[in-house]
Amino acid sequence: MTDDVLSAWTPWTAPGWRVRPLSGPDGRTLDLMLAVPGGAPPPGAWPLLLALDGGRFFPALAGAAAALSHRTDKTGVVPMAVAGLGHRPDQGALADQRARDFTGRPGPDAAVPSGGAQALRDLIVEEALPMLGRAAPIDPARTTLFGHSLGGLFVLETLRANPALFARWVAVSPSLWWTTPPADIASPSLMVGCGGAETARDMCARIAAWVAEKPGGAVFTQAPGADHGSAPFALIPDILRHASGVAQAGSA
């Protein structure tokens, strides 16, 4: 496509989506994104789904939530506010920022940055959640934290460190190869998912075995045929139903 053809196009984003900078760990800037349903909130305000890796997952989750919540009776997805917390590429390599912010201890490769999880948790508690609460009516009893891969590991370790911070939790393809979270992380409000084609590092089998040690303590959901990168997108309806408070039977 030539420059002159492109010049006839203008940038576009969905109506109602907003973003603002947030001062993060080590002086880095993160983006806090927000989409709020139109119309009046329900009694008790909107449920909230906060997604880590917002630059990647916010558009898909916000778009799907808006589309699927039009037919709650069919989809099980209620209207909700969707937020994303995302790293900026101009603040350093994304892989390094994610490893630093999503982990609480060094992983297999000591040269990879790590250990910043508590600083990110503090940012969520002290800055992100209050900012979202000022921007839209949010029901603190109906909040969900979602993370994928290292972000999924962050979700599990945050559930253990501060179980009252969110009402519901979603960890898709959590990086159990980095470190295996303690066995006492269990909650019926936790959904753990993976892709059926995640074979590297024995990922899905490792995750399924970890969840199986906690009967009644988590919902396990698998996306058949999905690999590590596609699993969170394949599981979006399940994620949104979980955030809606709809009980799910895990699928094998």
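Considering the range 176-206, the residues that are β-branched (Val, Ile, Thr) and touching a Phe, Trp or Tyr at 6+ places or on another chain (Cβ under 8 Å) include one that is nearest to HIS242 (Cα to Cα), namely VAL192.
For the range 1-55, a residue qualifies if it is of a type in the set (S, T, N, Q) and either at pLDDT below 90 or buried (at least 16 other Cβ atoms within 10 Å of the Cβ) (or both), and the qualifying residues are THR2, SER7, THR10, THR13. Counting only residues that are modelled with pLDDT under 95 and among the small types (Gly, Ala, Ser), the range 226-252 holds 6 of them. Answer yes or no: is there a residue in the range 87-109 that is within 24 Å of GLY229 (Cα to Cα), free of Cβ contacts under 8 Å to residues at least 24 places away in the same chain and in contact with a Ser or Thr (Cβ under 7 Å, 6 or more places away or on another chain). Scanning the range 87-109, I find at least one residue that is within 24 Å of GLY229 (Cα to Cα), free of Cβ contacts under 8 Å to residues at least 24 places away in the same chain and in contact with a Ser or Thr (Cβ under 7 Å, 6 or more places away or on another chain), so the answer is yes. The sole residue among ILE185, ILE207 that is in a helix (DSSP H, G or I), under 24 Å from ASP101 (Cα atoms), of a type in the set (A, V, I, L, M) and modelled with pLDDT under 95 is ILE207.
Return the residues of the range 184-243 that are among the hydroxyl-bearing types (Ser, Thr, Tyr) and within 20 Å of the chain's Cα centre (by Cα); say none if nothing qualifies. Hits for the range 184-243 are SER187, SER189, THR221, SER230. Of all residues in the range 196-209, exactly one satisfies the criterion of being buried (at least 18 other Cβ atoms within 10 Å of the Cβ) and in contact with a Pro (Cβ under 8 Å, 6 or more places away or on another chain), namely ILE207. Scanning the range 1-38 for residues that are in a loop (DSSP other than H, G, I, E, B) and in contact (Cβ under 8 Å) with a residue 40 or more places away in the chain turns up ALA14, GLY24, ARG28, VAL36, PRO37.
Under the condition of being farther than 10 Å from LEU52 by Cβ and in contact with a His (Cβ under 8 Å, 6 or more places away or on another chain), the residues counted in the range 122-155 number 1.
The values are calculated or read from the model by the stated rules, or taken from the named source; none is laboratory data. Since the structure is predicted, the reported quantities are computational estimates derived from the model, not experimental observations. Using ideal geometry, Cβ is built from the backbone for each residue, glycine included, and neighbour counts are taken over all protein chains shown.
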